[in-house]
Amino acid sequence: MSQIIVSGEKKLEGTVRISGAKNAALPILAATVMIDEPVVIRNVPELRDINTMLSILQKIGKKVTFEHGVVQIEPGEILLGNVPYDLVGKMRASFNLFGPLVMACGWARVGKPGGCNIGQRPVDYHVEGLKRFGLKIVEEHGDVFGEIPAEFDSHVEYELPFKSVGATEQLMTTASLMEDSEIVIKNAAEEPEIVDLQNFLNKAGANVSGAGTDTIRIRGVKKLHGSEYSVIPDRIEAGTYLLAGVITRGNVIVENVIPDHLKALLDTLKKMGAEVTVSDNTVRVEVLNKLKPVKVSAEPYPGFPTDLQPIITAVLSTIEGDSIVEELVFENRFGYVDEMNRMGAHIKVKDRRAHIKGTRKLSGAEISAPDIRAAAALVIAGMAAEGETIVHNAGHIFRGYEKLKEKFNSIGAYLRVYPDEE
Ligand code: EPU
């Protein structure tokens, strides 16, 4: 069980270089199973979740190397359509391999992921959409089994019941190899990671358009070919460092970012009274005046990102006055609130809303992290608190933040990690 020990009352000042986006790299890596030529993906962050995906790719037959942020994938002798539950159970995003593997192997059997600490997280939209596209799918013994049909319909439309990021990615990737078929996904998620996946697929010869809007159109092609691609910067990592700058009333610059992807966060920071300066690929946030409480609603993009919801809640709990944070994506993403209250925060959750009574100072405590973003929230809360904070069960954080200790300590934090994961 890893622990992060955070020294409190630090003021963060300096520049952090942002890594490639985990949530863009994962679906791109999943899509590579449909390509039986060499593929090179650059700007891939060295994280636990990425390593899990790469080891699955190796186990099903791909030849994979990963050095200095560059993943090279080559076809092996065979490609297996089987991804057992013990691998999917480690990381839900491995279910994104299902449709691509059916297209690549003619069939696939992938363990059905279970719930996790932020909600039930079913895959019914993935399965329903793929069935509409013509795949024959049955669920048996905890696995999802799928087969390719004799032929695909020439035109199919599917409207997602909710703007699911994973289902949009699964459906657009799978459809890109449905030769001679035109597929339209409505109520699609619009996240930048989906645009990145479209760009990758098109570079490999697919014909996908509309990503970044609520309607994505795919004209299936016969074959995808090898290509080189560089992943976008991680907007959630960038947001985490900016919010750490704010909670410590510091002055933080993130570089190598696409500021447009951070718009909802930057608008919120401005409303709170922080100074925000944007240039081509950097954003600076500085606290010069007393900060104000705000109301934030975590929603699908372009709304405020749910992945920053625990982190903004930590910040708002240090701003005097009443703030509200609403969570409209996951039904259970406030699991960290009791831990934050142990640090002296005053947060009450009712019906997917956190009511926060801001206090000037949090106090360091021993707490436990339920998931990646909650772990990040508790760590930055510790940087602003009086005394020392010990975050137990902190290993989650290494699924999502590359070189976390090194980056934070380079701008004035003092984190110690046991056992050292970096
Ligand atoms: N949902 C269903 N059925 C489905 C799919 C989704 O009911 O078939 C529900 C979910 O239970 C949830 C909502 O729809 O309530 C949205 O889920 P979505 O599918 O959008 O999430 P995801 O694809 O599983 C990705 C990110 C998450 C991020 C969410 C929302 C990856 C690998 N994960 O998850 O990232 O929170 O989109 O933006 O891309 C993280 O990085 O910490 C993280 C959890």
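Just so you know, all these numbers are worked out from the coordinates, no wet-lab data involved. All figures in this text were calculated on a predicted structure; none of them were measured in a lab. Counting neighbours? That spans all protein chains shown, and the Cβs are built from the backbone with ideal geometry, glycine included.
If the Kirkwood radius is taken over C-alpha pairs of segment 229-332, then at 25 °C and 0.890 mPa s the Stokes-Einstein diffusion coefficient equals 178 µm²/s. If the chain linking R17 and Q120 were pulled fully straight, counting 0.36 nm for each residue of separation and taking away their Cα-Cα distance, it would gain 33.7 nm. Projected over every direction and averaged, the convex hull enclosing the alpha-carbon atoms of segment 1-155 yields 12.8 nm².
Taking each DSSP H run with n ≥ 4 as -39500 (n - 2.57) and averaging over every residue of the chain yields -8500 deg cm²/dmol at 222 nm. Once the Cβ-Cβ distance of H141 and N409 is raised to the sixth power relative to R0 = 45 Å, the FRET efficiency obtained is 0.40. Rounded to the nearest 20 debye, the dipole size of segment 78-178 about its Cα centre is 320 debye, using +1 on the Cβ of Lys and Arg and -1 on the Cβ of Asp and Glu. In this label model, E159 and E74 are separated by 4.9 nm, measuring between points 7 Å along each Cα→Cβ vector.
Close amide-amide hydrogen proximity is noted between S297 and F304, E326, each under 5 Å apart and 5 or more residues distant or on a separate chain (H modeled in the peptide plane; Pro and chain starts excluded). Can you list the lysines whose alpha carbon is less than 16 Å from that of K186, not counting same-chain residues fewer than 8 positions off? The qualifying lysines are K131, K163.
Here the 3J(HN,Hα) profile of segment 75-89, calculated from phi with Karplus coefficients 6.51, -1.76 and 1.60 at θ = phi - 60°, is x, x, 6, 10, 10, 8, x, 9, 10, x, 4, 4, 7, 5, x Hz, Gly and Pro shown as x. For segment 1-113, lysine pairs separated by 8 or more sequence positions, or belonging to different chains, with Cα-Cα distances below 23 Å total 11. Relative to the longest principal Cα axis of the chain, at what angle does helix 22-31 sit, 0 to 90 degrees, rounded to 10? Tilt relative to the chain: about 10 degrees.
Ranked by the mean number of other Cβ atoms within 10 Å of their residues, highest first, the peptides 20-30, 128-138 fall in the order 20-30, 128-138.
Distant-in-sequence amide contacts of E159, defined by a placed amide H-H separation under 5 Å and a gap of 5 or more residues or a different chain, comprise K186.
Taking 41 Å as R0, compute the FRET efficiency from the Cβ-Cβ separation of Y418 and N202 and round it to 0.05.
According to the calculation, E is roughly 0.35.
With both labels modelled 7 Å from their Cα along Cα-to-Cβ, the K263 to K222 distance reads 4.1 nm. In this label model, N341 and D322 are separated by 1.8 nm, measuring between points 7 Å along each Cα→Cβ vector.
Per residue, the convex hull spanned by the Cα atoms of the chain amounts to 122 cubic angstrom. Rounded to whole Å, the principal axis extents of the Cα atoms in segment 323-388 read 34, 24, 14, largest first.
Using θ = phi - 60° in the Karplus curve 6.51 cos²θ - 1.76 cosθ + 1.60, the 3J(HN,Hα) couplings for segment 292-305 round to 10, x, 9, 10, 10, 10, 7, 9, x, 4, x, x, 5, x Hz; x is entered for Gly and Pro.
The convex hull around the C-alpha trace of segment 25-86, projected and averaged over every direction, spans 4.0 square nanometres. Rounded, prolate or oblate, given the Cα gyration tensor of segment 108-200, with a/c below 1.5 counting as rounded? Oblate shape, in that a/c is at least 1.5 and b/c is the bigger or equal ratio. Short-range pairs are left out: with C-alpha atoms under 8 Å and at least six residues apart, the relative contact order of segment 79-172 is 30 percent. Using Cβ point charges alone (K and R +1, D and E -1), the dipole size of the chain about the Cα centre works out to roughly 1040 debye.
The gain in end-to-end length when the V278 to E128 segment is fully stretched comes to 49.8 nm, 0.36 nm per residue minus the alpha carbon separation. The calculated FRET efficiency for E331 paired with E9, based on their beta-carbon distance and R0 = 60 Å, is about 0.95. Shown in residue order for segment 261-270 are the 3J(HN,Hα) couplings computed by the Karplus curve 6.51 cos²θ - 1.76 cosθ + 1.60 at θ = phi - 60°: 5, 9, 4, 4, 5, 5, 4, 5, 4, 5 Hz (x for Gly and Pro). Amide H contacts under 5 Å for G226: E37, restricted to partners 5 or more places along the chain or on a different chain, H placed in the peptide plane at 1.01 Å from N.
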